[in-house]
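Please read the structure below before turning to the comments.
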Amino acid sequence: MFFHQKRLQYFTPPDKPDPLFAKKMQELVGGAFGEMTVMMQYLFQGWNCRGPAKYRDMLLDIGTEEIGHVEMVATMIAYLLDKAPLKVQEEGATDRIVGAVMGGNNVRDEIMAAAMNPQHGIVSGLGAMPADSVGFPWNGRFIVASGNLLADFRSNLHAESQGLMQAVRLYEMTDDSGVKDTLSFMIARDTMHQNQWLAAIEDLQSEGLEGPISPSIAYEYGKNEYAYKFLNHSEGTQSAEGRWAKGPTPDGKGEFEYVANPQPMGPEPEPPQPDPRLHGTSKTSQVPGTAGQA
């Protein structure tokens, strides 16, 4: 059961409408690493959690918080689009276009960069949409919920790292004090969430629920003589200087080995010939009366 409080977790209105920045803010709503993605990711991980109750409760805590973050960003976008002066936006693009012509730049790119998202006016009535900054709809394939908490928590750390990077970049793209203040709060929460997932990974491992490698059955199934070799598959040997190339492995089960000149261990492939009924191209002629012709 979910309850909605009408007050936002945090919000400072923007100084003025800015439909161009509203278009950019859509990335924090429906982008691959936006608030909709982490919201759905954490909720599905929580609903599917079979581990200790504290992990399920924690996942549902943060997943529910992320619902509020979607609302915060959607509200900010609505404010940025409020009374958006479309004529002014068109006039504001003129200087950029003239500059592009004089400088020999791509005029089309300048027009697109200086234009508000037309779907904000046509589709959503000057409101936020479940889409990214270029209008690509949010996709459920963005989320990860595998049932293995270690694998999922590492994915969560990745999502929060990318989301925080995008929020910081947006913060640096605006001078609007209200937008910056709201983003500042979200940046702080994403900082907490990165620390949270690092701590949760540490917790799982300290309790012996998961080891460094997930899933642990990999040690039983894998050809472990190849499990700790770093293969130098590109020019140069600078990669030999890294922690991954020498010394004990983090799982405590082996030693890294650097292979400077890896060699193939399998044969050259010999694909089976196609079934004639599929009409694929085979090694021998399939055209009647042409066998042996050059």
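Summary of values
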item: Helix 19-30 axis, angle to the chain major axis (alpha carbon atoms, nearest 10°); result: 40 degrees
item: The range 154-269, relative contact order in percent, only Cα pairs under 8 angstrom and at least six apart counted; result: 19 percent
item: Heavy atoms of residue 10 accessible to a 1.4 Å probe, total area in Å² rounded to 10; result: 80 Å²
item: For the range 195-294, accessible area per residue (1.4 Å probe, heavy atoms of protein chains only), Å²; result: 80 Å²
item: Pairwise FRET efficiency - residue 265 versus residue 191, Cβ, R0 = 45 Å, nearest 0.05; result: 0.50
item: Radius of gyration, Dmax [the chain; alpha carbons; angstrom]; result: 26.7, 81
item: With all protein chains modelled, accessible area of residue 138 [1.4 Å, Å²]; result: 50 Å²
item: Sequence-distant aspartates and glutamates (8 or more away, or on other chains) whose Cα lies within less than 18 Å of residue 24; result: 15, 35, 71, 82, 90, 109, 110, 132, 172, 175, 176, 181
item: Principal-axis tilt of helix 149-173 within the chain, Cα atoms, nearest 10 degrees; result: 40 degrees
item: Cα lying deepest toward the dipole's positive end in the chain, options 244, 263, 136, charges on Cβ; result: 136
item: Charge dipole magnitude, Cβ of K and R +1, D and E -1 - the chain, Cα centre, debye nearest 20; result: 560 debye
item: Computed label-point distance, nm, for sites residue 239 and residue 5 using a 7 Å Cα→Cβ extension; result: 5.0 nm
item: Accessible surface of the range 198-294, 1.4 Å probe, proportion on carbon and sulfur as whole %; result: 57 percent
item: Rounded to 10°, Cα long-axis angle of helix 53-81 versus longest principal axis of the chain; result: 50 degrees
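The values are calculated or read from the model by the stated rules, or taken from the named source; none is laboratory data. Only a predicted model underlies this, so the values are computations on that prediction, with no experimental measurement involved. Every residue, glycine as well, gets a Cβ built from its backbone with ideal geometry; the counts of neighbours run over all protein chains shown. Ligands, DNA and RNA are excluded from the accessible area calculation, which covers all protein heavy atoms including side chains. Shrake-Rupley method; radii C 1.70, N 1.55, O 1.52, S 1.80 Å.
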